[in-house]
Amino acid sequence: MHSLVQRAVRDGMTVDRRARVVVAAADALEEAWSASDCSPETTTALYRCAEALLTHAGDHLWHDGGMHRLLRRLGPHLAGLGRHDAARTMTMHLADRARRRLPAGHRDLLTLRAQVAQAEGDLGNAAAAARLLADLRREAEDSLGPTDPDTLSIRLHEARLRMESGLITAALADFITLAAEARAVLGVDDSLVTAAEEHVALCRGLSGDADGAREAYAALARHLERSLGPRHPSTLRVLADLSRWIGETGDVHSAVATFQKAVDGLASVLGRLHHDTLIARHNLAYWHGIAGEHDLAIEQFLTAADDAELALGSEHPTTLTCQTNLAFWRGVAGDTAAAVEQLERLRRTVEQVFGPEHPRSLRIRQQRAELLYRSGDHVTAMDQLATVLADMVRLQGAHHPRTREAEQLLADWSREQSTGR
């Protein structure tokens, strides 16, 4: 329908009729979005419809009992596409409206505030976001009860951001407890239970138990294949996660093969440009590199970088991550001087977009130091890595996985230099 026709229809409505039409449209969108066979293309179209509806709905999606359930989907949809800045903007807008209409302990307001905190954490401030979610979790426990689904969801994201801020052991304990409680309340097939079990497996790996992570992901993949089918996006995402820990246990070539299966499945089901497909292809490229297949790694990184720029734009975090790792592995493959220059250009871009203390900025500085060390400039490399390590400790904490990785790398270099290797 042409935009002028749309406006004529809207302008011709009485207030009461507009209210009924707005709610009916939101009901229809929610029903379609909640269908088990809702495809990514349909979801994208539904989001655009919801965005247009929100523009013209006024206050008709809000009532004394809360907000229309459709509004809960908007921020998580954007976050699932890797558009965390847009997710923060959307959820902040909705939370501001909720504050004006709903009491402090209302579940919709708590949910929106939690979505804002999640977006903040996903944009790089995990520790502060985890503290905010801890406060929200206590409010939810008081208002809704400790096992209410919305309280459990807040607990999940609080634990996730604690994990991402480096508190792996504490997060693992949180996820184990949460998975058991959510399973009792929601059932074994609920998506929140699956998410908690995924994070239990991930925390096992991050805490050093690669075999335990592999076994946990394999068990979850088998469960999802039985309950959802081998081609369901959730099954394929867990298969990609399993691939990583297959590699971390030393079975690198099996990791590559399993990642390839996950990438092919995600590209077929979700599309080549979907965020989950981009991430899986990026990780496939990494494991090609670890396997010594540098040409294949560069080929996959190049595809992922080009697809990410097409789908997300040149300054999206996923695009910049793919470009950064493309440059790094080109340096590993032998073109070190050009790669160091490219990483320096990307560092300036990342710092301009996200700030010099963002995790991606720190990562690029570490990778640049690694390439300098490979090129033989050991003194400069060690000085640069020592500097970025100090910043990592200050910003991420001494126990963050990336901090520990940089610390181990610097120790290895120091040992090599002291023994003359």
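The values are calculated or read from the model by the stated rules, or taken from the named source; none is laboratory data. On a predicted model such as this, the values are computed, not experimentally measured, just so you know. In this analysis, Cβ positions are derived from the backbone assuming ideal geometry, glycine residues included, and neighbour counts consider all displayed protein chains. Remember, those area values only see protein heavy atoms, side chains included, never the ligands or the DNA or RNA. Shrake-Rupley method; radii C 1.70, N 1.55, O 1.52, S 1.80 Å.
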- Item | Checklist (1) in contact with a His (Cβ under 8 Å, 6 or more places away or on another chain); (2) under 19 Å from Q115 (Cβ atoms); (3) of a type outside the set (K, R); (4) free of Cβ contacts under 8 Å to residues at least 40 places away in the same chain applied to H77, failing item | (1)
- Query: Which pairs do you get when a residue that is touching a residue at least 40 places away in the same chain (Cβ under 8 Å), found in the range 145-169, comes within reach of a residue that is in a helix (DSSP H, G or I) and β-branched (V, I, T), reach meaning Cβ atoms under 7 angstrom, with the pair 6+ apart or on two chains?
  - Reply: D150/T111; G166/T403
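Looking at A333, is it surrounded by fewer than 19 Cβ atoms within 10 Å (Cβ to Cβ) and of a type in the set (A, V, I, L, M)? Before you say what the answer is, go through the steps one by one.
Values: surrounded by fewer than 19 Cβ atoms within 10 Å (Cβ to Cβ): yes; of a type in the set (A, V, I, L, M): yes.
For A333, the condition - surrounded by fewer than 19 Cβ atoms within 10 Å (Cβ to Cβ) and of a type in the set (A, V, I, L, M) - is met.
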- Message: Of all residues being of a type in the set (A, V, I, L, M) and outside any helix (DSSP H, G or I) in the range 143-170, which is surrounded by the fewest Cβ atoms within 10 Å (Cβ to Cβ)? Just the residue, please.
- Response: L144
- Query: What number of residues within the range 43-62 satisfy the criterion of being aliphatic (A, V, I, L, M), under 11 Å from A26 (Cα atoms) and under 25 Å from the mean Cα position of the chain (by Cα)?
  - Reply: 2
- From G65, G124, residue being open to solvent by less than 60 Å² (accessible area, probe 1.4 Å) and either in contact (Cβ under 8 Å) with a residue 12 or more places away in the chain or at positive phi (or both): G124
- Note on the structure: L46 vs (1) closer than 22 Å to A140 by Cα; (2) touching a Phe, Trp or Tyr at 6+ places or on another chain (Cβ under 7 Å): all pass except (1)
- Item | Residues satisfying the stated conditions in the range 10-48, i.e. open to solvent by 70 Å² or more (accessible area, probe 1.4 Å) and of a type in the set (A, V, I, L, M, F, W, C) | V15
- Can you pull out the residues in the range 34-60 that are hydrophobic (A, V, I, L, M, F, W, C) and more than 20 Å from R231 (Cβ to Cβ)? A45, L46, C49, A50, A52, L53, L54, A57
- Among the residues listed as V379, V350, the single one being open to solvent by less than 60 Å² (accessible area, probe 1.4 Å) and either of a type outside the set (F, W, Y) or in contact with a Cys (Cβ under 9 Å, 6 or more places away or on another chain) (or both): V350
- Identify, from the list A173, A179, A140, the residue that is open to solvent by less than 20 Å² (accessible area, probe 1.4 Å) and closer than 30 Å to D209 by Cβ. A179
- Item | Enumeration of residues in the range 185-196 that are part of a helix (DSSP H, G or I), more than 30 Å from R360 (Cβ to Cβ) and touching a residue at least 24 places away in the same chain (Cβ under 8 Å) | V185, L186
- Note on the structure: Looking across the range 264-280 at residues that are under 17 Å from the mean Cα position of the chain (by Cα) and part of a helix (DSSP H, G or I), the single one that is farthest from G313 (Cα to Cα) is L266
- Give me the pairs: first residue in the range 335-359 and under 23 Å from G121 (Cβ atoms), second residue loosely packed, with under 15 Cβ neighbours inside 10 Å and of a type in the set (D, E), beta-carbon distance under 6 Å, and six or more apart or on different chains, which are they? V353/E315
